[in-house]
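Structure record follows, encoded as structure tokens.
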Amino acid sequence: MACGPRDSALLAWILDANENYMHLTYNRDMEQQRPQLLIEGLRIRYGGTGPTVVDGLTLALGKGEIGCVVGSSGCGKTTLLRAVAGFIPVASGTIEIDGLVVSGPNFTAAPEKRGVGLVFQDYALFPHLRVDDNVGFGLRQLGTAERRARVDEMLDLVGLRREAARYPHELSGGQQQRVALARALAPRPALLLMDEPFSSLDVELRVRLGTEVRQILKASGTTAILVTHDQQEAFAIADRVGVMNAGRLEQWDRPYELYHRPATRYVADFIGEGVFLPARVLNPMNVEIELGALKGDVPLPCQQGCDTCGKGCHVEVLLRPDDVVHDDASALKAEVVRKTFRGGDFIYTLRLDSGREVLALVPSHHDHAVGEKIGIRLDADHVITFPTDDRRVRIPLKAA
């Protein structure tokens, strides 16, 4: 099979990336421990002077950590990844990889000078090369024996040693993705970038491969960052997850913190499932919703209580499905409006007496009909409250 123009261009890029990588001058004290990836105050504009696509973004990723950026279409996450790769310039701010400044105002180190590896959305494997030749393609600077040893090491890492002599078209989608990963890891990049790496795979395979990829990256000690629209994929792979909205990074945190302690209302609404219920601040330690009172630390602007304040803004409580428990013995009832079967459990949409709706996660052996009223109670250990005027104040609450 002949090598087409696209393959030739990719061939040239991989050779440059692995044969011409050079170290730039450290911009700070080299003895100070630096994150493997450090982005500070990054701003990117279309065409350099057009609309802002990424606005004031700052994040850090330690050596060996896996980061993921999620967000809706057009939020700027792919633009961010392309800037880290060196494909587009930045208007302000800096990008630092392995202690080296590679992007800044009026300065963009070429992609091949950054020591980054790339895993493309469509894998970009060479169809005319065997699996082992694909993996070793960027290792031409090594001797024959050393190159063979590194290829074998990578194939063992991704579990494809037996497929070394096959061609890409003879592999499954998951196997092709692992070949692409092995090829990117072979040159020992300072940072691995992955752009929607599992988007072309079916859901079941994406979940399984995501777990495998995390194990592979951890086993190799590789620092990596990926972008995806799939929250579950991000949670399964990443140590830290960032949520982008209209070019801004709303929160960069551990997956657990994103779900249970969202920093903004946007993150609370974007991550996971849940509903907002109006609440009234009773005092500095208590708020009240129609399901009962909740105890927690109320932020200073709201501590005088809604009755004293007189502004009428109140607050809103975020309830997750696991905050509402099905309890037949409870006197509090709600009507089943909709239900979604998920194998081991149901997600029930329940209508309260006020007409407002909440979600409840219920074991699947509790199979109630739509229209039936069931008993519920709060088990709200991780409830978050936001002012209704969206002043971005977070209130962690516990059930009273």
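Here are the numbers for this structure:
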| item | result |
| --- | --- |
| Ranked 339, 373, criterion: other C-beta atoms within 10 Å, fewest first | 373, 339 |
| Sparse-neighbourhood loop sites, trypsin sites (Lys or Arg not before Pro) in the range 73-173 - DSSP loop, at most 11 other Cβ within 10 angstrom | 140 |
| Cα shape, the range 167-290, gyration tensor, a/c 1.5 rule | prolate |
| Order of 354, 220, 330 under a 10 Å beta carbon neighbour criterion, fewest first | 354, 330, 220 |
| Top positive-direction residue, dipole computed over the range 5-260 with Cβ charges, set 149, 59, 169 | 149 |
| Sorted by Cβ density within 10 Å, fewest first, the residues 92, 73, 103 | 73, 92, 103 |
| Inter-part distance where the range 34-112 and the range 310-379 are each reduced to a Cα centre, Å | 42 |
| Within the range 5-260, percent of DSSP bridges classed antiparallel, to nearest 5 | 55 |
| Aspartates and glutamates whose Cα lies under 18 Å from that of residue 113, excluding same-chain neighbours fewer than 8 positions away | 16, 19, 96, 98 |
| Cα gyration tensor shape of the range 163-226, rounded if a/c is under 1.5, else prolate or oblate by comparing a/b with b/c | oblate |
| Cα-Cα pairs of the range 5-260 separated by more than 26 Å (percent) | 39 |
| Residue-by-residue Karplus 3J(HN,Hα) for the range 224-232, coefficients 6.51, -1.76, 1.60, Hz, glycine and proline x | 9, 9, 10, 10, 7, 9, 9, 5, 5 |
| Computed lengthening from residue 353 to residue 87, 0.36 nm per intervening residue step minus Cα-Cα distance | 90.2 nm |
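Coordinate-derived values only; no laboratory data. None of the values given here were measured: they were computed from a predicted structure. Because the Cβ atoms are built from the backbone with ideal geometry, glycine has one as well, and the counts that use them run over all protein chains shown.
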